[in-house]
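The structure appears below as structure tokens.
Each value in this text was obtained by applying a stated rule to the coordinates, not by laboratory testing. As the structure is a computational prediction, the values presented were derived from the model and not from experiment. Ideal geometry is used to build each Cβ from the backbone, glycine not excepted, and the neighbour counts take in all protein chains shown.
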Amino acid sequence: MSNDAIDAFAPVRVVERDEHVEVTLEGPRGPVEVWLRETYSEPIFTMCRAHAPDPVRQW
């Protein structure tokens, strides 16, 4: 039985670059490399007591 959940793959290496993050995961048949692009949302209120909206990091 296979498990396709992202947390089923243990992270082996994480390298942060200027515009993306390179993540190497331990896959069942060898390493799996994933590139994540970091962006930010439009400014939003993230907490009940926030005085000003801030952008939130998205992947």
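Mean silhouette area of the chain, derived from the convex hull of its C-alpha atoms and averaged over all directions, reads 6.0 nm².
Amide H contacts under 5 Å for V12: T24, L25, E26, restricted to partners 5 or more places along the chain or on a different chain, H placed in the peptide plane at 1.01 Å from N. In order along region 17-33, phi translates into HN-Hα couplings of 10, 5, 10, 7, 10, 9, 10, 9, 10, 7, x, x, 10, x, x, 10, 9 Hz, rounded to whole numbers, per the Karplus curve 6.51 cos²θ - 1.76 cosθ + 1.60 with θ = phi - 60° and x for Gly and Pro. Between D7 and A52, the FRET efficiency from the beta-carbon distance, with R0 = 25 Å, is close to 0.15.
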